[in-house]
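Following: one structure in structure tokens, then a few remarks.
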């Protein structure tokens, strides 16, 4: 195996998994929602607000 993969596997041991967060996302951290909104305003791929983006995500998930 490549040395880089050996090093990665060594880091992904039981302690790493035990300490990992159950959920991911910037909003899981203090000030994360505000930071996410700031990033959307300053680095957009579209001219959407965070609320519009969440609405789009909900619509994509809804059946029908």
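List of remarks:
- Tilt relative to the chain, helix 50-61 - C-alpha long axis, 0 to 90 degrees, to 10: 80 degrees
- Normalised size of region 23-64, defined as Cα radius of gyration per 2.2 N^0.38 Å with N residues, equals 1.28.
- Mean ellipticity per residue at 222 nm, deg cm²/dmol - from DSSP H runs of n ≥ 4 across the chain, formula -39500 (n - 2.57): -17000 deg cm²/dmol
- Multiplying the residue separation of residue 10 and residue 45 by 0.36 nm and removing their Cα-Cα distance gives an extension gain of 8.9 nm.
- Among 16, 43, sorting on how many other beta-carbon atoms sit within 10 Å of each Cβ, with the fewest leading, yields 43, 16.
All of the numbers you see were taken from the coordinates with simple rules; none came from a lab. Since this is a predicted model, take the numbers as computed values, not measurements. Cβ: placed from backbone, ideal geometry, glycine included. Neighbour counts: every protein chain shown.
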